[in-house]
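Reading through the structure tokens given below for one structure.
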Amino acid sequence: MSDSDLMQLYSRRILALASDIPHLGKLAAPTGSAHKRSPQCGSSVTAHVAMQDGRIADFGQEVRACALGQASAGVLGRSALGRSRAEIARARDELQAMLKQDGPGPSAPFEELEALLPAREFPNRHASILLAWEALLGAIDASSS
């Protein structure tokens with residue numbers, strides 16, 4: 001990876017998203033929690049959720065990841081409240097397709113994930129980018145069990 005590749009990958013926009021992650025921390029009374037870790041890079045995310053009527057009523061996340069994983073968690077944190085499992089899964093699937101299958105960027109309200117488009121060329125970073133989404137989906141699933 002050249003220096004210019006790194007500069008493109010860690011753009012100001014990605015670093016801004018990574019530095020402002022909403023809903024950091026644990027919830028006092030989650031209905032479900034899940035921990036996900038990427039064996040490739042060691043990044044980890046624990047998501048906590050309180051579900052009400054099939055929607056995310058409260059959300060917390062503990063993020064220990066690279067700037068790309070943090071940026072992804074930042075976008076998720078800004079838009080997770082009020083969403084259903086299906087909406088979170090759709091956004092995760094769109095993000096994965098953008099990274100791995102040359103798909104378009106995710107649709108609203110997750111369109112800020114397009115900032116991660118340069119990571120398409122770095123498959124070893126994809127797991128970290130998807131981690132917060134996988135953790136939240138796991139927490140939702142744990143909430144309904």
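Given the residues H23, H35, which is the only one that is under 18 Å from G138 (Cβ atoms), in contact with a Ser or Thr (Cβ under 8 Å, 6 or more places away or on another chain) and not basic (K, R)? Break it down into steps so the answer makes sense when it comes.
On the way: H23 fails: in contact with a Ser or Thr (Cβ under 8 Å, 6 or more places away or on another chain).
Just a single option satisfies the conditions, and that option is H35.
Just checking, which of L15, L24 is surrounded by fewer than 20 Cβ atoms within 10 Å (Cβ to Cβ), at pLDDT below 95 and within 30 Å of S144 (Cα to Cα)? Let's see the steps before the verdict.
Values: L15 fails: within 30 Å of S144 (Cα to Cα).
Selected residue: L24, the only one of L15, L24 that is surrounded by fewer than 20 Cβ atoms within 10 Å (Cβ to Cβ), at pLDDT below 95 and within 30 Å of S144 (Cα to Cα).
Here is a yes/no grid of residues against (1) modelled with pLDDT of 95 or more; (2) closer than 15 Å to L17 by Cα; (3) of a type outside the set (S, T, N, Q):
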position	(1), (2), (3)
I88	yes, no, yes
G103	no, no, yes
A119	no, yes, yes
S145	no, no, no
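Restricting attention to segment 82-116, which residues are of a type in the set (A, V, I, L, M, F, W, C) and surrounded by 14 or more Cβ atoms within 10 Å (Cβ to Cβ)?
So the first thing to find is which residues in segment 82-116 are of a type in the set (A, V, I, L, M, F, W, C), and the list is 86, 88-89, 91, 95, 97-99, 108, 110, 113, 115-116.
Answer for segment 82-116, where residues must be of a type in the set (A, V, I, L, M, F, W, C) and surrounded by 14 or more Cβ atoms within 10 Å (Cβ to Cβ): I88, A89, A91, L95, A97, M98, L99, F110, L113, A115, L116.
The values are calculated or read from the model by the stated rules, or taken from the named source; none is laboratory data. This structure is a prediction, so every number in the text was calculated from the model and none was measured. Counting neighbours? That spans all protein chains shown, and the Cβs are built from the backbone with ideal geometry, glycine included.
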